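This report concerns only the one structure given below.
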Amino acid sequence: MPISEVLDQRISPPTKQEVGEVVSLVKIAFASLNPSSQCRPTMKKASQLLSSTQRPHLSKPLHVTTCGELLALDGFTA
């Protein structure tokens, strides 16, 4: 499923500068949905990830990136 189908269509697409932040947020959100509490990030870890300046890099535009591709990106471990 393209990530564009998950994002709210009512708001403007993210700018180039915002894409890394959107990718980080989506990765943290999906990690937080893991049914195993052992695999979910703690609130402290999620906060650290949100505060981090390290952002995953996309090799293609966000609107054509699938959720699977996004979750497979390196950059940080939630």
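The values are calculated or read from the model by the stated rules, or taken from the named source; none is laboratory data. Note that the structure is a prediction, hence the values are computed from the model and not measured. Counting neighbours? That spans all protein chains shown, and the Cβs are built from the backbone with ideal geometry, glycine included.
Look at residue 28 and say whether it is modelled with pLDDT of 90 or more, of a type in the set (Val, Ile, Thr) and surrounded by 14 or more Cβ atoms within 10 Å (Cβ to Cβ).
It is true that residue 28 is modelled with pLDDT of 90 or more, of a type in the set (Val, Ile, Thr) and surrounded by 14 or more Cβ atoms within 10 Å (Cβ to Cβ).
Would it be correct to say that residue 50 is of a type outside the set (Asp, Glu), exposed (fewer than 14 other Cβ atoms within 10 Å of the Cβ), in contact (Cβ under 8 Å) with a residue 24 or more places away in the chain and in a helix (DSSP H, G or I)?
Criteria met by residue 50.
Return a yes/no flag: does the range 14-22 have any residue that is in a loop (DSSP other than H, G, I, E, B) and over 11 Å from the mean Cα position of the chain (by Cα).
There is at least one residue in the range 14-22 that is in a loop (DSSP other than H, G, I, E, B) and over 11 Å from the mean Cα position of the chain (by Cα).
Given 42, 77, which one is among the β-branched types (Val, Ile, Thr), modelled with pLDDT of 90 or more and exposed (fewer than 12 other Cβ atoms within 10 Å of the Cβ)?
Being among the β-branched types (Val, Ile, Thr), modelled with pLDDT of 90 or more and exposed (fewer than 12 other Cβ atoms within 10 Å of the Cβ) holds for just one of 42, 77, which is 42.
Considering only residues that are surrounded by fewer than 10 Cβ atoms within 10 Å (Cβ to Cβ) and of a type outside the set (Lys, Arg), look in the range 3-20 and name the one that is modelled with the lowest pLDDT.
17
Being farther than 12 Å from residue 3 by Cα, within 11 Å of the chain's Cα centre (by Cα) and either not in a loop (DSSP other than H, G, I, E, B) or not aromatic (Phe, Trp, Tyr) (or both), is that true of even one residue in the range 33-47?
Among the residues of the range 33-47, not one is farther than 12 Å from residue 3 by Cα, within 11 Å of the chain's Cα centre (by Cα) and either not in a loop (DSSP other than H, G, I, E, B) or not aromatic (Phe, Trp, Tyr) (or both), which makes the answer no.
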